[in-house]
Amino acid sequence: CDNNVETHQHLFFQCNFAREILGFINQKFMTNTQDESFQNIITHLSLNWANIDAKVKEYGICIVTACWWIWKERNRRIFQNKRKSATEITKLIEFDVNLILRTRGRRLTTSEVTLLPRTGVVDRADAREPRSAVENPEPP
């Protein structure tokens, strides 16, 4: 956003772009991470992972996935001079979180509330940008 020095805290929690994305997650889980430090959240989740309930683990997956997509969007803006909206990024986060939860043996039903309102994403090809050869090289 070019408004502050780029730190973990600013990039993932204080930047207006990140705040908008995290607002969706906070609304879903009825919590507020924006006053927490990045280090505190990650430390709490990693130290207590085995002892926390499924909803908190789902929240942790959402936070980590959001950080991943915020980082990717930061790099897109710097290196490709391209931008996605916070809404587009939250749809990608929703898709990834639902995919992670399904592959962990937790099957989501159509009536179950998801991270965000329905996105209309039908399959992985629609949800993700094309991978470059550098990110996903062909096998030798």
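General remarks:
- Under 5 Å, built H, 5+ apart or other chain: amide partners of ILE52: none
- Hits among lysines - C-alpha to C-alpha of LYS28 under 19 Å, sequence gap 8 or more where chains match: LYS55, LYS57, LYS91
- Label separation (ASN3 vs ARG104): 3.1 nm, computed from points 7 Å beyond Cα along the C-beta direction.
- At an R0 of 35 angstrom, the distance between the Cβ atoms of SER46 and ARG83 translates into a FRET efficiency of 0.65.
Throughout, read-outs are computed from the coordinates displayed, never taken from laboratory work. Keep in mind it's a predicted model, so treat the numbers as computed, not measured. In this analysis, Cβ positions are derived from the backbone assuming ideal geometry, glycine residues included, and neighbour counts consider all displayed protein chains.
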